[in-house]
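Undergrad: Pasting a structure here, questions to come.
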Amino acid sequence: MNVKKDEKTCLFIDGSSLYSTSRSLGFDVDYKKLLDFFAARTHVIRAYYYAAILDTEDYSPLKPLTDWLSYNGYFLVTKPAREFTDSTGKRRVKGNMDIEIAVDMMEMAPHIDHAILFSGDSDFRRVVEAVQRQGTRVSVVSSMKSTPPLIGDDLRRQADQFLELAALGANFTRRQMEAPRPRTQQAPVRHPADQLSEPEDDPLS
């Protein structure tokens, strides 16, 4: 991993994407360890965490996590998610944070040396290119080892550095999970943040 101790670095974490990718690799993220891991290796001036949250009276499994993050070194960016029923009658939640991430990356680029983006969505290729034109290095954290791979080729080629989450995960694993079963058919996956299934469990449990 090519990071420099004296670089002013900003983390941009697409929460849903990181959650989906780590789960597909068989582990949960310990966000304290994640922040400590990067802070020990570079000068982290800000760590953004992005989450779309349902604005209902029902209990949200994200609430304990987002509350904890906001008090423990993360800059939390949220917006209401949209709930709908798909053609099969299954309840789904849609919450895309791409615009919020892109705006913050562009605004922070003149003030930092290195942006680390936690997402594999190829839609970020253009904003990565724009940030690079301002003289800021961009690393992308996702996975080629998940099934299916969750990093778009265009984004991986554009980034100055691709960081494989499967290789980094041992440094900030919270709970080892049962290894995921291989899928018999690889459904196309572009960006998990765009289409979330019904919440599975409490991410802090």
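The values are calculated or read from the model by the stated rules, or taken from the named source; none is laboratory data. Remember, it's a predicted structure, so these values are computed and weren't measured experimentally. Virtual Cβ from ideal backbone geometry, glycine too; neighbours counted across all protein chains shown. Quick note on the areas: whole protein, heavy atoms, side chains included, nothing else; ligands and nucleic acids left out. Shrake-Rupley method; radii C 1.70, N 1.55, O 1.52, S 1.80 Å.
Undergrad: Any residue in segment 13-26 that is closer than 19 Å to S139 by Cβ sitting within a Cβ distance under 8 Å of a residue that is open to solvent by 40 Å² or more (accessible area, probe 1.4 Å) and outside any loop (DSSP other than H, G, I, E, B)? List the pairs, counting only those 6 or more apart or interchain.
TA: Correct list of pairs: L25/A166.
Undergrad: Sticking with this one: How do the pairs read when you match residues in segment 130-145 that are closer than 16 Å to S17 by Cα and outside any helix (DSSP H, G or I) with residues anywhere that are open to solvent by 10 Å² or more (accessible area, probe 1.4 Å) and small (G, A, S), using Cβ under 6 Å and keeping only pairs 6 or more apart or on different chains?
TA: Between residues of segment 130-145 that are closer than 16 Å to S17 by Cα and outside any helix (DSSP H, G or I) and residues that are open to solvent by 10 Å² or more (accessible area, probe 1.4 Å) and small (G, A, S), the close pairs are V140/A159; S143/A166; K145/A166.
Undergrad: Look at segment 113-134 and say how many of its residues are open to solvent by 10 Å² or more (accessible area, probe 1.4 Å) and aliphatic (A, V, I, L, M).
TA: The number of residues fulfilling the criteria is 2.
Undergrad: From the residues in segment 152-178 that are open to solvent by less than 10 Å² (accessible area, probe 1.4 Å) and modelled with pLDDT under 95, which one is nearest to F38 (Cα to Cα)?
TA: By that ranking, first place goes to F172.
Undergrad: Identify, by number, the condition in (1) closer than 20 Å to S17 by Cα; (2) open to solvent by 50 Å² or more (accessible area, probe 1.4 Å); (3) modelled with pLDDT of 85 or more that K63 doesn't meet.
TA: Just one mismatch for K63, condition (3).
Undergrad: Turning to a different aspect of this structure: How many residues does segment 135-151 hold that are closer than 15 Å to I116 by Cα and either open to solvent by 20 Å² or more (accessible area, probe 1.4 Å) or not aliphatic (A, V, I, L, M) (or both)?
TA: 6
Undergrad: Look through segment 40-54, keep the residues that are modelled with pLDDT of 95 or more and in contact with a Leu (Cβ under 6 Å, 6 or more places away or on another chain), and return whichever of them is nearest to T66 (Cα to Cα).
TA: Per the stated criteria, the residue is Y49.
Undergrad: Take the residues in segment 2-16 that are open to solvent by less than 10 Å² (accessible area, probe 1.4 Å) and either outside any strand (DSSP E or B) or out of contact with any His (no Cβ under 9 Å at 6 or more places or on another chain) (or both); name whichever of them is farthest from F162 (Cα to Cα).
TA: Result: G15.
Undergrad: Residue pairs, Cβ under 9 Å, 6 or more apart or interchain, first in segment 110-124 and within 12 Å of Q134 (Cα to Cα) and part of a loop (DSSP other than H, G, I, E, B), second open to solvent by less than 10 Å² (accessible area, probe 1.4 Å) and not β-branched (V, I, T). List them.
TA: Pairs that qualify, where the first residue is within 12 Å of Q134 (Cα to Cα) and part of a loop (DSSP other than H, G, I, E, B) and the partner is open to solvent by less than 10 Å² (accessible area, probe 1.4 Å) and not β-branched (V, I, T), are I112/C10.
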